[in-house]
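Below is one structure, written out as structure tokens; the observations come after it.
The values are calculated or read from the model by the stated rules, or taken from the named source; none is laboratory data. Predicted model only: the values in this text are computed from it and were never measured. Ideal geometry is used to build each Cβ from the backbone, glycine not excepted, and the neighbour counts take in all protein chains shown. For the accessible areas, the whole protein counts, side chains as well, though only heavy atoms, and no ligand, DNA or RNA atoms are used. Shrake-Rupley method; radii C 1.70, N 1.55, O 1.52, S 1.80 Å.
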Amino acid sequence: MPEGHEYLNEDERHLATLGYTQELSRTWSGFSNFAISFSIISILAGCFTSFGLGWNNGGPAAIAWGWPIVSVFILMIGLCMSELVSAFPTSGGIYWWAAKLGGPKAGFYTGWLNLIGLIAILASVAYGSATFLDLTLGTFSEDWLAGYSLTRTFVMFVVILAAVAIINIFSSHLLAVINNISVWWHVAGAAAVILILFLVPEQHASFSDVFAQTINNSGIFGGEKNIGWLLFVLPIAAILTQYTITGYDASAHLSEETHSAADAAAKGIWRSIFYSAIGGWILLLAFLFAVQDADAVSAGGGAVVTIFTQAMDSQWVGIVLLISTAGQLFCTTACQTSASRMLFAFSRDRAVPGHQLWSKVNHARVPANAVVVTAVLAALITLPALVEVDINGAPVPVAFFAVVSIGVVGLYLCFAVPIYLRWRMGDAFEVGTGTCADTTVGWRRSRSSRSSSPRSSRCSRRPSAVCRGIPASSGSSSTTPRCWSAGSWCCCSSTGMCPSSTGSRARSSRWTPPATLSRGCPDGLRHLNPRAPRVPRPRGAGRVTTVSPGLIR
């Protein structure tokens, strides 16, 4: 087929209408897209590493009741984001939605909140993995346990970051396989931990101990559980749920590498939240029912490992910690992927210093530079964890909890921006443009109420390929779909390509697409604006699309 007549699939056409070429390798299935969000949420990571936040600021009752209540609100956020990604399946995700709905400034600030949050989450998950790997080795070797230090943990943390960065650079397809394995590890591993905690301990806590006992180990209000504790301390316990069930925007960041992205990414977001919420609650209840001595758990800083050592011998503790550590390593790999793809997309829109470097892809079509810089930044912001803070006679990396808080605050603030902008638009928002039928991909909303609009009346004539290539030799009616090619308008045939009576090539062998798009093009393929400034043709591109004008000119 001559250059300029290449067919684009549905995903590539949709991406072209959003202003981008297909640069990344689109090899992920819908299950793989779900898998990366499910892996980043990782109940084997968050429920273990941040358990102390819930225990110390509310106790068992705050965890048992707080998890399902907060999960419902998080699912609402996820459903809103699913609607947005169905309409705009780009790697930019949240910041791109904010820019589209609220303008470049909204996108710029949202993007930086998202980027900071993702890097902080990467750092916290990697550090948690190092901590649990150290604990796991300690259960099998007393000499190793005796040599514990924050410096050793930090070195392990850096090694883990380096390892997951190398895996991320190697191949996008390998990442998809790893995330698929991760899903089954989390399902089987969580089930194994629940069964162990149900069968192995000789006794279990009562229902009143789990659902009615409250604790205030925050040091605020003198440990009293009064109205001040209820208003200012107890809400901190919600970070356990918020920190665990976060990062599900990864389905959006990987949408440009997923087949049928408008549908698959939307489902990946809400399904990962829903299944993680159910599995996480059952897992946390297993922890709480395994508590033998609540005061001893408090004396141990609310660490979940204290519960395990109370209820089981060291061999069973080692097995549980090993399952959790492996899950956290899977989670770290997925977090690295999500953070690098977000930086790639943000740099592609020239919103980050050094954007030329971070928006490059290697021979495997992976943004290797973005992977490296996110790993380095994650290590740098965790340097304060080397400072020892003595709590109850043990060195505690207080900086880890600070990084956790930064990640949670940054991500949920940026989640709120496009959701608010979408709510403000009301019915003017056009959902799910993945198909031109009477229903929309992802969220099946009827358009019959808008049948009189110009856009919906043209949807039945969607071309099967992007229109470009050879100029038409004659004029056409104003209703014929057209595209800008080789310096002139051309009229599209029913096949979606420009007809020619001579069969010759386009007048210009070097096609330069305009930089901006105008609204109102038939069939969802917007007319290219012929008056827009020219930009160089993307290297190797033989398809009609546009180069994004970016958030910053």
* Could you please state, rounded to a whole Å, how far the C-alpha centre of the stretch 252-309 is from the C-alpha centre of the stretch 105-163? => 18 Å
* Structure fact -> Computed about the Cα centre, the charge dipole of the stretch 29-426 from +1 Lys/Arg and -1 Asp/Glu charges at the Cβ has a magnitude in debye, to the nearest 20, of 1580 debye
* Asked: Leaving out ligands, DNA and RNA, what percent of the accessible area of the stretch 29-426 is carbon and sulfur, probe 1.4 Å?
  -> 72 percent
* Structure fact -> Given the candidates 171, 204, 266, the one whose Cα lies deepest towards the positive end of the charge dipole of the stretch 138-278, counting +1 at each Lys or Arg C-beta and -1 at each Asp or Glu C-beta, is 266
* Derived scalar couplings ³J(HN,Hα) [the stretch 416-421; Karplus, 6.51 cos²θ - 1.76 cosθ + 1.60; whole Hz; x for Gly, Pro] -> 5, 5, x, 5, 5, 5
* Structure fact -> Taking every alpha carbon pair in the stretch 97-158 and sorting the distances into 5 angstrom bins from 0 up to the bin holding the longest one, the percent per bin comes out as 4, 17, 17, 14, 9, 8, 8, 7, 7, 5, 4, 1
* Asked: Which of the peptides 327-338, 262-273, 169-180 is most tightly packed, and how do the rest follow, judged by the mean count of other Cβ atoms within 10 Å per residue?
  -> 327-338, 262-273, 169-180
* Long-range amide H contacts for residue 28: which residues qualify at under 5 Å (H placed 1.01 Å from N, peptide plane, sequence gap of 5 or more or a different chain)? -> 258, 259
* Asked: Taking the stretch 220-314 on its own, what percent of its Cα-Cα pair distances exceed 15 Å?
  -> 73 percent
* Asked: Taking the mean number of other Cβ atoms within 10 Å as a proxy for protection, how do you rank 410-419, 38-47 from highest to lowest?
  -> 38-47, 410-419
* To do: Based on a Kirkwood Rh over C-alpha pairs, give the Stokes-Einstein translational diffusion coefficient of the stretch 60-190 at 10 °C and viscosity 1.306 mPa s in µm²/s.
  => 86 µm²/s
* **5 angstrom amide H check on residue 50, placed H, neighbours 5+ away** => none
* Structure fact -> Between residue 9 and residue 73, Cβ-based FRET efficiency (R0 41 Å, step 0.05) works out to 0.65
* ³J(HN,Hα) computed for each position of the stretch 281-291 - Karplus, 6.51 cos²θ - 1.76 cosθ + 1.60, integer Hz, glycine/proline x -> 5, 4, 5, 5, 5, 4, 4, 5, 6, 7, 5
* Structure fact -> A correct Karplus calculation of ³J(HN,Hα) over the stretch 145-160, with 6.51 cos²θ - 1.76 cosθ + 1.60, θ = phi - 60°, whole Hz and x for Gly and Pro, returns 5, 5, x, 4, 7, 5, 5, 4, 4, 5, 4, 5, 4, 5, 4, 5
* For the stretch 37-86, report the accessible area per residue in Å² (1.4 Å probe, heavy atoms, rounded to an integer). => 23 Å²
* Asked: So if we plug the beta-carbon distance of residue 203 and residue 65 into 1/(1 + (r/R0)^6) with R0 = 25 Å, what FRET efficiency do we get, rounded to 0.05?
  -> 0.60
* To do: Find how many whole Å separate the alpha carbon centroid of the stretch 345-374 from the alpha carbon centroid of the stretch 16-71.
  => 24 Å
* Computed Kirkwood radius, in angstrom, where 1/r is averaged over Cα pairs of the stretch 284-429 -> 19.2 Å
* Take the stretch 29-426, drop everything but the C-alpha atoms, weight them equally and run the Debye formula without solvent; then report log10 I(q)/I(0) at 0.10 Å⁻¹ to two decimals. => -0.62
* Give the share of C-alpha pairs in each 5 angstrom bin for the stretch 88-127, from 0 to the last occupied bin, in whole percents, shortest bins first. => 6, 27, 23, 19, 12, 8, 4, 1
